[in-house]
Amino acid sequence: MARISLTVDGEKVADDVEPRMLLVQYLREKLGKTGTVIGCDTSNCGACTVHLDGTSVKSCNVLAVQADGSSVTTIEGLAQGGQLHPVQEAFRECHGLQCGFCTPGMIMQSVDLLKENPSPSEEEIRLGLEGNLCRCTGYHNIVRAVQYAAEHGGGASSAQDGPPPEVEAGTPQEQGASV
Ligand code: FES
Ligand code: FES
């Protein structure tokens with residue numbers, strides 16, 4: 001066992017973990033942070049995305065011991081003071097989620113994307129989200145949600161003004177299925 005100390009969603013934690021334990025397992029099984037999802041076993045889907053010292057990582061691709069001394073933010077730590085993060089709000093406004101399985105990772109990746117590039121083009125958004133898979137929305141509404149968040153401060157403010165952009169209806173097949 002190895003002793004690790006880290007901060008998760010603003011709270012300091014310390015635990016003895018097996019060196020082989022993945023960060024996503026630690027978050028879910030030790031801390032009960034089940035908002036972070038395991039969607040594959042091939043490091044492909046991005047459902048497990050969290051922020052490690054402010055940068056998005058796939059937590060199924062990081063050992064818990066590698067997070068020792070770091071600060072981790074999960075989807076459960078994004079809202080502040082009962083207010084959704086602007087990117088969460090944008091996903092709600094733009095119907096960027098359906099089943100929600102991919103949504104935690106999509107949102108965490110989008111927050112990091114907008115931090116790096118507050119005004120991304122559609123192509124840059126699609127490129128920035130290429131490591132996150134969604135089977136439900138056809139991606140169009142997810143891309144619009146990121147655009148909406150960018151237009152409303154890119155996560156700098158929780159204030160949301162104005163109507164959401166037009167949202168397309170239709171099946172994922174009708175909407176297109178590639179990022
Ligand atoms: S569970 Fe981590 S990439 Fe799929
Ligand atoms: S909303 Fe269903 S996988 Fe993304």
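Highlighted here are the strands (runs of 3 or more DSSP E) found entirely within region 21-116 that include at least 2 residues which are closer than 19 Å to residue 142 by Cβ: 49-52, 55-58. Scan region 69-98 for residues that are within 24 Å of residue 32 (Cβ to Cβ) and in contact with a Phe, Trp or Tyr (Cβ under 8 Å, 6 or more places away or on another chain) and the total you get is 1. Before we move on, is residue 50 among the β-branched types (Val, Ile, Thr), within 10 Å of the chain's Cα centre (by Cα) and over 28 Å from residue 15 (Cα atoms)? So residue 50 fails the test. Is it the case, given these coordinates, that residue 94 is near ligand 2 (Cβ under 9 Å from one of its atoms), of a type outside the set (S, T, N, Q), closer than 22 Å to residue 76 by Cα and in contact (Cβ under 8 Å) with a residue 24 or more places away in the chain? Taking the combined requirement at face value, the residue does not satisfy it.
Return yes or no: is residue 135 within 16 Å of ligand 2 (Cβ to nearest atom), outside the structural domain of residue 16 (by TED's automatic domain parsing) and in a helix (DSSP H, G or I)?
Details: within 16 Å of ligand 2 (Cβ to nearest atom): yes; outside the structural domain of residue 16 (by TED's automatic domain parsing): yes; in a helix (DSSP H, G or I): no.
So residue 135 does not fit the description; no.
In this structure, is residue 38 within 16 Å of ligand 2 (Cβ to nearest atom), under 15 Å from residue 112 (Cβ atoms) and free of Cβ contacts under 8 Å to residues at least 60 places away in the same chain? Spell out the reasoning first.
Working: within 16 Å of ligand 2 (Cβ to nearest atom): yes; under 15 Å from residue 112 (Cβ atoms): no; free of Cβ contacts under 8 Å to residues at least 60 places away in the same chain: yes.
No; evaluated as a whole, the condition is false for this residue.
Of the residues contained in region 59-66, none is found to be more than 15 Å from ligand 1 (Cβ to nearest atom) and either at pLDDT below 95 or out of contact with any strand residue (DSSP E or B) (no Cβ under 8 Å at 6 or more places or on another chain) (or both).
The values are calculated or read from the model by the stated rules, or taken from the named source; none is laboratory data. This one's a predicted model, so the numbers in the text were calculated from it and none came from an experiment. No Cβ is skipped: glycine too gets one built from the backbone with ideal geometry, and neighbour counts run over all protein chains shown.
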